[in-house]
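K.L.:
Structure provided below as structure tokens; questions to follow.
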Amino acid sequence: ARDESTREIAGRLKAGLAARQEKDHTEWLSDIDAAINVGRVVRALKLSSQPPKAGARFPAELAARLATAASSALEVDAPADRWIAMLEAAAFSPIRGQLDAAALPAVVAPELLACVTRLAPAIPKLAAKFGVVVVPGAAMPRPLRPTRPFDKAKGDKAKGDKARGDKR
């Protein structure tokens, strides 16, 4: 039954939801800004790829700062692991199209080339610098799934593998 009391409750719920979404959005942007300010670019990239509300607009000024910080973090003498972490985080960030490196690493490790090849549809400008050709209409990559920690005492992965019936 739609009476005055239910309309009042619905109105309070809508107002509360809007306030919560605005608060979460503001905190999300401030977390990204703080991560950029202290030099935690990978953290900022990962945060930017997880907006609190689907379809949330990413501010152009913050995007420009993040793209500049991410591009400058891709240094020639940085190890391959650093490049891979940056590319994995940037490929799912709203600044992925703006990511560019001044120069490629001195030595391109096979793991780095495999990462660039996998992420090429998401970062075509950078993939072209590595000589990776992006096939038109290629599917966007998916984020890597976290791996289970290795249990040295048992010689296998942590609990769960055998419980699911995984065979070795």
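K.L.:
Please go through region 56-78 and pick out each residue that is of a type in the set (A, V, I, L, M, F, W, C), surrounded by 13 or more Cβ atoms within 10 Å (Cβ to Cβ) and not in a loop (DSSP other than H, G, I, E, B).
P.N.:
LEU62, ALA63, LEU66, ALA67, ALA69, ALA70, ALA73
K.L.:
How do the pairs read when you match residues in region 25-40 that are farther than 19 Å from ALA85 by Cα with residues anywhere that are of a type outside the set (Val, Ile, Thr) and assigned to a helix (DSSP H, G or I), using Cβ under 6 Å and keeping only pairs 6 or more apart or on different chains?
P.N.:
What qualifies is ASP31/LEU47.
K.L.:
Can you confirm whether LYS46 is touching a His at 6+ places or on another chain (Cβ under 7 Å), within 23 Å of ILE95 (Cβ to Cβ) and open to solvent by 90 Å² or more (accessible area, probe 1.4 Å)?
P.N.:
Criteria not met by LYS46.
K.L.:
Given the conditions (1) loosely packed, with under 14 Cβ neighbours inside 10 Å; (2) in contact (Cβ under 8 Å) with a residue 24 or more places away in the chain, which single one is not true for PRO94?
P.N.:
(1)
K.L.:
Any residue that is open to solvent by less than 50 Å² (accessible area, probe 1.4 Å) and either closer than 29 Å to CYS115 by Cβ or under 16 Å from the mean Cα position of the chain (by Cα) (or both) - is there at least one of those in region 2-12?
P.N.:
No, the conditions are met nowhere in region 2-12.
K.L.:
OK, next. If you check GLU61 against the conditions, is it modelled with pLDDT of 90 or more and acidic (Asp, Glu)?
P.N.:
When the stated conditions are applied, GLU61 passes them.
K.L.:
What's the total number of residues in region 33-43 that are farther than 24 Å from PHE130 by Cα, open to solvent by 20 Å² or more (accessible area, probe 1.4 Å), outside any loop (DSSP other than H, G, I, E, B) and not charged (D, E, K, R)?
P.N.:
Looking only at that region, the number is 3.
K.L.:
So, ARG20, is that one within 30 Å of LEU113 (Cβ to Cβ), among the basic types (Lys, Arg) and at pLDDT 90 or above or not?
P.N.:
Considered against the rule, which asks whether it is within 30 Å of LEU113 (Cβ to Cβ), among the basic types (Lys, Arg) and at pLDDT 90 or above, ARG20 comes out as no.
K.L.:
May I pose another question? Looking only at region 101-125, count how many residues are open to solvent by less than 50 Å² (accessible area, probe 1.4 Å) and either in contact with a helix residue (DSSP H, G or I) (Cβ under 7 Å, 6 or more places away or on another chain) or on the phi > 0 side of the Ramachandran plot (or both).
P.N.:
Going through region 101-125 one residue at a time, the tally reaches 9.
K.L.:
Another question about this same structure. Inspect all residues belonging to region 79-87 and state whether any of them is open to solvent by 30 Å² or more (accessible area, probe 1.4 Å), at positive phi, modelled with pLDDT under 90 and part of a loop (DSSP other than H, G, I, E, B).
P.N.:
Looking through region 79-87, none of the residues is open to solvent by 30 Å² or more (accessible area, probe 1.4 Å), at positive phi, modelled with pLDDT under 90 and part of a loop (DSSP other than H, G, I, E, B).
The values are calculated or read from the model by the stated rules, or taken from the named source; none is laboratory data. Keep in mind that this is a model prediction, so the values were computed, not measured. Cβ: placed from backbone, ideal geometry, glycine included. Neighbour counts: every protein chain shown. Please note that ligands, DNA and RNA were not included when accessible areas were found on the heavy atoms of the full protein model with its side chains. Shrake-Rupley method; radii C 1.70, N 1.55, O 1.52, S 1.80 Å.
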